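Just below is one structure, and these are the notes that go with it.
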Amino acid sequence: MRHFAHPAALAYSMTTLGAGMMNSIFSFYYVKLFLNKYQISETAFHQSQVVFMIWNALNDPLFGYLQDNSRMECCSRRRLSILYGAPLYCLSFLLAWFPWRTYEPDDWLSGVHLMVTLCAFDGMLTFVLLAQCALFAEISGHHQNRLRLIKYSQVASLVGSSSVLFCGLISQNMDNFAAFQGFSVVVAILACVCMLYTGFNSESRFDSKASEEDSQSPQKPPLSLSSVMSMTWQIITNRDFQLFVIMNFFQVFMVAFCNNFTMIFAEHLIPQDVLPSLAKSFMYGAGFICPQMLVLCSQNLLQKFGYYRLILITFYVEAGAAVIMLLLGPGSYYFLALFLTSNMVLVQAAFSLFNLPLADIIDSDLQKYKRSSPLSSMVFGTNALFTKPAQSLAPMLVVAVLNQYGYAEIKDVAKAADPSALQSLHSAMFYLVCVVPLCVTGLQVLAWRPFSIRESHTVDSKYIDG
């Protein structure tokens with residue numbers, strides 16, 4: 001395979017392939033699984049999300065510090081972090097799909113199960129993908145090479161995200177739970193093999209420099225707490241970093257909103273006789289597959305106009321589509337299906353480009369403070385410290401709103417329910433579908449417009465690759 005592809009980009013993208021297969025399934029199905037099948041209580045769901053929100057925010061800067069400053073090779077070398085972390089990452093993916101016993105409604109153990117699952121899965125995801133994010137900035141400083149990494153990564157993500165489509169077809173959108181469990185085991189094994197390929201074949205251009213420095217000064221002391229705090233402060237006080245973090249917080253919120261609730265909204269708002277289960281499976285699959293196709297088709301636009309303008313345009317398009325959907329109303333079922341799918345596509349496609357501004361911020365920090373090596377993991381980790389809580393806030397807020405309109409009692413679409421209560425719930429769902437993207441994208445435009453690193457696509461390299 002390496003004879004037909006760029007070796008560094010191929011090795012990098014194999015982790016994207018493995019992670020994409022698991023993350024797509026996990027984010028799309030876990031909320032419905034715990035709410036509908038395990039019948040977790042709203043209190044336990046919120047408690048688990050709060051614990052997850054705290055852990056989710058703290059583990060990124062913690063692992064970022066370890067990977068940038070640890071003297072242990074399994075942490076400091078990017079490929080070894082992926083190599084050793086991949087098996088645990090894949091095992092943590094399987095935790096959600098196998099109940100610890102037959103759960104009763106509002107069973108306390110289902111709450112513990114969700115809490116452990118979220119923390120374990122996100123912890124290993126963070127450890128592996130922080131190392132991969134650092135590789136993105138460290139494999140090359142050339143804009144064209146980074147676009148190649150984006151291109152390979154999007155192809156890998158395109159293949160990986162198709163797992164949602166095949167999972168939906170094989171398990172009948174999780175109605176056949178045994179088939180769903182079997183498919184998840186196969187996905188975990190394939191994902192592990194993919195990420196091990198990265199672990200054996202990928203290298204950062206700073207690895208050799210670090211090895212030379214270690215041989216010349218093997219007794220180099222670890223960084224003091226004051227040094228770490230100083231570097232973190234330098235990152236946080238970067239205005240472009242601040243603007244990016246605000247914009248990214250809302251993007252993470254929207255990604256979680258779309259991934260966790262599109263299936264629930266579609267099942268309630270689009271009748272079965274209008275869009276049968278098979279058609280909805282393809283709709284869900286398209287929501288995960290088409291973003292990568294869109295990014296791949298936008299390579300020339302990225303080179304010509306840069307990521308700044310394209311990201312801004314996606315915000316305007318999302319807001320415009322939300323306004324049109326509001327005007328059309330909930331009875332336009334086919335337009336609603338198109339809106340739900342296109343919203344997932346645009347949100348995820350824009351999110352796929354976010355490594356580019358972060359890599360530029362890392363380059364700027366490297367030059368400004370004349371560092372011997374970039375603080376790649378610390379920048380990505382500090383970004384995650386402020387943005388990851390949105391992953392928990394989205395499901396917490398939406399579940400709280402839906403339960404105000406009786407969702408806890410009317411979870412199953414097939415069950416008979418009071419027509420007026422069902423109508424009230426469906427109205428709330430429709431306004432969530434339209435108003436949330438409209439408000440969020442407005443805030444994102446305000447945060448993103450002042451971002452100053454806009455022309456990096458016109459500069460061949462900001463520093464010489466070593």
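The values are calculated or read from the model by the stated rules, or taken from the named source; none is laboratory data. Not measured: the values here are computed from a predicted model. Please note: Cβ atoms are built from the backbone with ideal geometry, for glycine as well, and neighbour counts cover all protein chains shown. To get the accessible areas, we keep the full protein, side chains included, count just its heavy atoms, and leave off ligands, DNA and RNA. Shrake-Rupley method; radii C 1.70, N 1.55, O 1.52, S 1.80 Å.
For residue 40, neighbours were defined as the other residues whose beta-carbon sits under 9 Å from its Cβ, and their charges (Lys and Arg +1, Asp and Glu -1) total -3. For the chain, lysine pairs separated by 8 or more sequence positions, or belonging to different chains, with Cα-Cα distances below 24 Å total 20.
For the range 83-164, what is the convex hull volume of the alpha-carbon atoms per residue, in Å³? Please report the intermediate quantities before stating the final value.
On the way: hull volume 9.2 nm³, N = 82.
Dividing the Cα hull volume of the range 83-164 by its residue count gives 112 Å³.
Each Lys and Arg adds +1 at its Cβ and each Asp and Glu adds -1 at its Cβ; summed about the Cα centre, the chain shows a dipole of about 940 debye. With a Förster radius of 30 Å applied to the beta-carbon distance between residue 404 and residue 335, the computed FRET efficiency rounds to 0.65.
Quick one: length gained pulling residue 72 to residue 54 fully straight, 0.36 nm per residue minus the C-alpha distance?
Working: separation 18, 0.36 × 18 = 6.48 nm, distance 2.63 nm.
Length gained, residue 72 through residue 54: 3.9 nm.
Hey, what number do you get for the chain at 222 nm if only DSSP H runs of n ≥ 4 count, each worth -39500 (n - 2.57), divided across all residues, to the nearest 500? Intermediate results must be reported in sequence, preceding the final value.
Values: 17 runs with 356 residues, N = 466.
Value at 222 nm, helices only: -26500 deg cm²/dmol.
Relative contact order for the chain: what is it in percent, counting Cα pairs under 8 Å that are at least 6 residues apart?
Values: 640 pairs, mean separation 132.5, N = 466.
Worked out over the chain, it gives 28 percent.
Stokes-Einstein diffusion coefficient for the range 34-178 at 25 °C in a medium of 0.890 mPa s, Rh from the Kirkwood formula over Cα pairs: what value in µm²/s? Taking Rh from Cα pairs, D becomes 140 µm²/s. Summarise the long-distance tail of P(r) for the chain by giving the % of C-alpha pairs beyond 27 Å. Counting every Cα pair in the chain, those more than 27 Å apart make up 54 percent. Expressed in Å, the radius of gyration and Dmax of the Cα atoms of the range 381-452 are 16.6, 55. Take the Cα of residue 169, step 7 Å toward its Cβ, do the same at residue 6, and the gap between the two points is 3.2 nm. Projected over every direction and averaged, the convex hull enclosing the alpha-carbon atoms of the range 13-109 yields 7.2 nm². Selection among 299, 274, 320 by position relative to the dipole of the range 232-337 gives 299 as farthest towards the positive end (Cβ unit charges, Cα centre). With Rg and the Kirkwood Rh both taken from Cα atoms, where does Rg over Rh land for the range 235-324? Rounded to two decimals, Rg over Rh is 1.06.
What's the carbon and sulfur percent of the range 114-169's accessible surface, probe 1.4 angstrom, rounded to a whole number? Don't skip to the end; give the middle numbers.
Values: 990 of 1400 Å².
C and S fraction of accessible area: 71 percent.
Each label point was placed 7 Å from the Cα along the Cα-to-Cβ direction; for residue 449 and residue 39 their separation is 5.1 nm.
If you take the beta carbon distance between residue 112 and residue 228 as r and set R0 to 45 Å, what does 1/(1 + (r/R0)^6) give as a FRET efficiency, to the nearest 0.05?
Details: r = 34 Å, r/R0 = 0.75.
Step by step, r from the Cβ atoms, then E = 0.85.
With a probe of 1.4 Å, find how much accessible area the chain has per residue, and write the answer as a whole number in Å².
Counting only protein heavy atoms, the per-residue value for the chain is 41 Å².
With the simple model of a label 7 Å out from the Cα in the direction of the Cβ, residue 418 to residue 300 spans 5.9 nm.
In plain terms, the chain from residue 94 to residue 313 could stretch by 75.1 nm, reckoned as 0.36 nm per residue minus the Cα-Cα distance.
Scoring 305-313, 374-382, 79-87 by mean Cβ neighbours within 10 Å over their residues and listing the highest first yields 374-382, 79-87, 305-313.
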